[in-house]
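*Asks:* Pasting a structure here, questions to come.
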Amino acid sequence: MPRWLPRAMVLALALIACFQLGSWAFHQLTGLLINILIAFFLALAVEPAVSRMAHHGMRRGAATGLVFLGVIVVGAGFITLLGSMLAGQIVDMVEDFPKYLDSVISWINTTFHTELSRVEIQDSLVHSDWLQKYVQNSASGVLDVSAQVLGGLFRILTILLFSFYFAADGPRLRRALCSVLPPAKQAEVLRAWEIAVDKTGGYLYSRGLMALISGVAHYILFVFLDIPYAPALAVWVGVISQFIPTIGTYLAGALPMLIAFTVDPWYALWVLIFVVVYQQFENYLLQPKLTAKTVDIHPAVAFGSVVAGTALLGAVGALIAIPAVATMQAFLGAYVKRYDVTDDPRVHGHRRRGGPPLARLRKALRGEPTGTPVDQAAAETQDGQGPAAGTSDDRA
């Protein structure tokens, strides 16, 4: 046995053990790493406001605390307003449920010539095995729901704490990062950091502006239809549709439709039509213009980045995918060498004269010339019919 073989086997086993330990630790810390990633992008979003306050003489820690206090107050006010609205609507729906049920039963009896009764339906529901099992499962799942709520609150506090430290100690963090890099690399890191701040802030600015426009448009509709809690519903639609990717539009439109249904079922249909029409207006007219001015990313690239982010990190990946891709695109764009574009018509989507083979075949069947003007001139020259052909006396 060679003398190096035992040492190589021990080294290989040690490497395998280190890989397994690192993989286990990474899986255990995945939740914490995702929270840190969210906190970092949140810190980038508030960086412009904090830096502006610090530039006017306020301490950076106090400026960061003031910005986060404003964010917490706005979020808590939105949740409180929405919760009170939902509580009132749920009470009204429970009180009016017998009336809705009577109207539905009357429509069924008239349409299908049946003899259903609300008392019989209520008795069958109360004594059904499905309802009893559902109540038992709901009672046993109260503790699970409570644990999920507490876990969500702890996660929010963790994200806010890391975001506060990232924003308040931003200069110190940049100095610590640059201290381990050579001067040339330091400039690149600082440039990437600045681009990330601009793109993240631009993304949130565009989303906030679209949320404002969406909220105002839906508020006008809710007031016109005399739907209760119109301001709260408008804020709900604007925020949820813009800051929850992919499914945010459907979640935002479901609640106004439900409340409109309690007023008049036809109002729910009008709300659905308006939500669909406005979504098309936003996707094809409003969003491309605002995205081009703030994030400067193609709509197809934005959609693909959201899909990729959702596949990698779920809802978190969908939320941070667009600013991350915009930052990467802007940073790498400085290293791509660009040239002047030729004046060839094909660059602008125009085909060269002469057409495809099928068009040439049609011309041949009609007895017309099938070549390009250059080919026709060459053919005329060969046949002696062009200006280049002629006798020697003519050329003299």
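The values are calculated or read from the model by the stated rules, or taken from the named source; none is laboratory data. As the structure is a prediction and not an experimental result, all values here were calculated from the model. Neighbour counts run over all protein chains shown; Cβ positions are idealised from the backbone, glycine included.
*Asks:* Which of the following residues is at pLDDT 75 or above and either more than 30 Å from ARG172 (Cα to Cα) or in contact with a His (Cβ under 7 Å, 6 or more places away or on another chain) (or both): ILE38, ILE79?
*Replies:* From the options ILE38, ILE79, the qualifying one is ILE79.
*Asks:* Given the conditions (1) more than 28 Å from PHE154 (Cα to Cα); (2) surrounded by fewer than 12 Cβ atoms within 10 Å (Cβ to Cβ), report the number of the one that ALA25 does not fulfil.
*Replies:* (1) is the only condition that ALA25 fails.
*Asks:* Related question: Is there any pair with a first residue in the range 189-213 that is modelled with pLDDT of 80 or more and a second that is basic (Lys, Arg) whose Cβ atoms are under 9 Å apart and which are 6 or more apart or on different chains, and what are they?
*Replies:* Every condition considered, the pairs that remain are VAL189/ARG174; LEU190/ARG174; TRP193/ARG174; SER206/LYS293.
*Asks:* Might you let me know whether the range 174-182 holds any residue that is in contact (Cβ under 8 Å) with a residue 24 or more places away in the chain and either assigned by TED's automatic domain parsing to the domain that holds LEU37 or crowded, with 18+ Cβ neighbours inside 10 Å (or both)?
*Replies:* No, the range 174-182 has no match at all.
*Asks:* On to the next question. Sort out which residues of the range 191-246 are within 21 Å of the chain's Cα centre (by Cα) and not in a helix (DSSP H, G or I), and write them in order of number.
*Replies:* Listed by number, the residues that qualify are ILE244, PRO245, THR246.
*Asks:* Are any residues in the range 242-277 out of contact with any Phe, Trp or Tyr (no Cβ under 7 Å at 6 or more places or on another chain) and within 22 Å of ILE322 (Cα to Cα), and if so, which ones?
*Replies:* GLN242, PHE243, ILE244, PRO245, THR246, ILE247, GLY248, THR249, TYR250, LEU251
*Asks:* List pairs: first in the range 43-71 and over 19 Å from TYR203 (Cα atoms), second surrounded by 15 or more Cβ atoms within 10 Å (Cβ to Cβ) and among the aromatic types (Phe, Trp, Tyr), Cβ under 8 Å, 6+ apart or cross-chain?
*Replies:* Every condition considered, the pairs that remain are THR64/PHE164; GLY65/PHE164.
*Asks:* Keeping to the range 105-121, report how many residues are modelled with pLDDT of 75 or more and either part of a helix (DSSP H, G or I) or within 18 Å of PHE261 (Cα to Cα) (or both).
*Replies:* Matching residues across the range 105-121 total 8.
Okay, residues lined up against (1) outside the structural domain of SER163 (by TED's automatic domain parsing); (2) within 30 Å of ALA315 (Cβ to Cβ); (3) of a type outside the set (S, T, N, Q):
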position	(1), (2), (3)
ARG7	yes, no, yes
VAL10	yes, no, yes
ALA17	yes, no, yes
SER23	yes, yes, no
PHE26	yes, yes, yes
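*Asks:* Among the residues of the range 156-204, count how many are farther than 23 Å from ARG52 by Cβ and of a type in the set (D, E, K, R).
*Replies:* The qualifying residues number 2.
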